[in-house]
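Peer 1: Pasting in a structure now, in structure tokens, and then I'll have a few things to ask.
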Ligand SMILES: Cc1cc2nc3c(=O)[nH]c(=O)nc-3n(C[C@H](O)[C@H](O)[C@H](O)COP(=O)(O)OP(=O)(O)OC[C@H]3O[C@@H](n4cnc5c(N)ncnc54)[C@H](O)[C@@H]3O)c2cc1C
């Protein structure tokens, strides 16, 4: 197809979208603010369900999609929620309609998925987007270092703090969800000393009477990545979370050393919790820990600025309680590609994508908020 696209952001949504557009024959360049692919910790495990997998399949060449599946784990049973004594918590009563738990879900290593999605793409690192402008039917884009580019379509895939969204939809709000996580990994070097139940479900959340919670997601890959993909050892993604009022302000938390993060988590998970939870936390790798602040978007109204669109967290950031963020972001990428392949003009295809995306994504933001409130004390 004879058009040029600038994608802002080399997260999973931007890369998947760039792959799909490249397959259609568009000229695509991705601009990323980070200086390099591994410039900062980006998390460990990602759970993909049918919406995300379908989006990924729509965007990727068959061999890359197969490589993604070959380097994933599972499939595993749906998530489960237990109390601090590991007794199941009933939740179905308030499960919103927008979300149907899938019968099977697949754990991926986020870094592996990103490496695969980068294959063959033109990604420029160290380029921070600052503004766009409409010029003679095209869109010009400016970067912090003075670089300038132009395209027929600009895709803002620049995540929760999106600068593209701030200019396109200045009225759109993204708020602090009032939830903090200390996130890390449990290596599986001594798997036999860990409880077997943790490997049965895609994710287990244990919630305490003090409103803290522990989340555990096993990443046991079917095939170890090899060749040009960096090797990864199996692990359990493990997070200790709590409402913000139980922890120091986030700006302080960011300055904590890893040992201090660990001891803070230990203070949240007291003696009343099941011995298995303590056993798991004993194996937490202190070097892997970092703090996270969770954000959630408010609903946005449809927009009609030609030549600029949004996908992923840039438009529908949601708390991770339903693990629907990347799933929805990849679905967006697939929906945009699908709309373009109908043969509609580029502006019409983008308008169709935007309408569909707001229709499925905004209810999921709301569903994540409601479940987050009930389950883990989100605002
Ligand atoms: C603990 C945790 C666990 C999660 N687990 C799951 C899960 O299991 N399943 C799931 O579906 N979702 C999950 N999510 C949600 C998921 O992480 C996000 O929805 C997802 O990363 C969004 O992808 P994205 O590409 O839209 O944004 P991002 O991954 O944030 O990527 C945006 C990119 O844009 C770049 N950028 C930002 N500003 C600029 C700029 N001005 N110029 C250029 N580049 C810029 C950033 O550096 C970044 O690389 C989880 C979230 C958390 C916090």
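Peer 1: Can you tell me how much longer the chain between residue 341 and residue 258 gets when fully stretched, taken as 0.36 nm per residue apart minus their C-alpha distance, in nm with one decimal?
Peer 2: Residue separation times 0.36 nm, minus the Cα-Cα distance, leaves 25.1 nm.
Peer 1: Expressed in whole Å with the largest first, what are the equivalent ellipsoid semi-axes of region 215-368 derived from the C-alpha gyration tensor as the square root of 5 times each eigenvalue?
Peer 2: Values: eigenvalues 290, 90, 37 Å².
The three semi-axes for region 215-368 are 38, 21, 14 Å.
Peer 1: Give me the distance in nm between label points sitting 7 Å out from Cα along the Cα-to-Cβ direction at residue 298 and residue 379, one decimal.
Peer 2: Going by the 7 Å Cα→Cβ label model, 1.1 nm.
Peer 1: If you line up the long axis of helix 325-341 against the longest principal axis of the chain, both from Cα atoms, how many degrees apart are they, to the nearest 10?
Peer 2: Long axis of 325-341 versus the principal axis of the chain: about 20 degrees.
Peer 1: Scale the Cα Rg of region 32-191 by the rule-of-thumb value 2.2 N^0.38 Å and send over the ratio, two decimals.
Peer 2: 1.32
Peer 1: Moving on to the next point. To test your reading of the geometry: what angle, between 0 and 90 degrees and rounded to tens, separates the Cα axis of helix 50-59 from the longest principal axis of the chain?
Peer 2: Around 30 degrees separate the two axes.
Peer 1: What's the angle, to the nearest 10 degrees (0 to 90), between helix 258-268's Cα axis and the longest principal axis of the chain?
Peer 2: 60 degrees
Peer 1: Identify which of 242, 172, 329 has the largest mean-square fluctuation in a Gaussian network model of the chain, with springs joining Cα atoms closer than 10 Å.
Peer 2: In the Gaussian network model the winner is 172.
Peer 1: Evaluate E = 1/(1 + (r/R0)^6) for residue 89 and residue 150, where r is the Cβ-Cβ distance and R0 equals 41 Å; express this FRET efficiency to the nearest 0.05.
Peer 2: So, using R0 = 41 Å, E works out to roughly 0.20.
Peer 1: For a Förster distance of 35 Å, can you work out the FRET efficiency between the beta-carbons of residue 176 and residue 220, rounded to the nearest 0.05?
Peer 2: Details: r = 34 Å, r/R0 = 0.97.
With a Förster radius of 35 Å, E is 0.55.
Peer 1: Under the 0.36 nm per residue contour assumption, what length would be gained going from the current alpha-carbon distance of residue 119 and residue 62 to full extension?
Peer 2: Here the segment from residue 119 to residue 62 would lengthen by 19.2 nm.
Peer 1: Roughly how many whole Å is it from the C-alpha centroid of region 230-281 to that of region 185-205?
Peer 2: Using only Cα atoms to place each centre, the spacing works out to 16 Å.
Peer 1: Averaged over all directions, how much area does the convex hull of the C-alpha atoms of the chain cover when projected, in nm²?
Peer 2: Values: hull surface 72.2 nm².
Spelled out: convex hull of the Cα atoms, projected over all directions, averaged, 18.0 nm².
Peer 1: Fewest to most neighbouring Cβ within 10 Å: what's the order for 150, 333, 193, 368?
Peer 2: Working: 150 16, 333 32, 193 10, 368 28.
In order of increasing Cβ crowding within 10 Å: 193, 150, 368, 333.
Peer 1: For region 84-178, what does the relative contact order come out to in percent, with C-alpha contacts under 8 Å and a separation of six or more?
Peer 2: Here the relative contact order equals 15 percent.
Peer 1: Also, I was wondering about something else. Using R₀ = 35 Å, calculate the FRET efficiency as 1/(1 + (r/R₀)^6) where r is the Cβ-Cβ separation of residue 360 and residue 279; round to 0.05.
Peer 2: 0.30
Peer 1: Further, regarding this structure: What do you get when you divide the Cα radius of gyration of region 177-294 by 2.2 N^0.38 Å, with N the number of residues?
Peer 2: 1.10
Peer 1: To continue, here is another question. Multiply the residue separation of residue 135 and residue 39 by 0.36 nm, subtract the distance between their alpha-carbon atoms, and state the gained length in nm to one decimal.
Peer 2: 31.2 nm
Peer 1: Oh, and also: Have a look at 154, 300, 30 and tell me which one the Gaussian network model of the chain (Cα, springs below 10 Å) gives the largest fluctuation.
Peer 2: Largest GNM mean-square fluctuation: 300.
Peer 1: Give the relative contact order (percent, whole number) for the chain; include only Cα pairs under 8 Å separated by 6+ residues.
Peer 2: 25 percent
Read the figures in this text as sums done on the coordinates, not as results from a lab. Model, not experiment: these values are computed from the prediction. Positions of Cβ are generated from backbone atoms using ideal geometry, with glycine treated the same way; all protein chains shown enter the neighbour counts.
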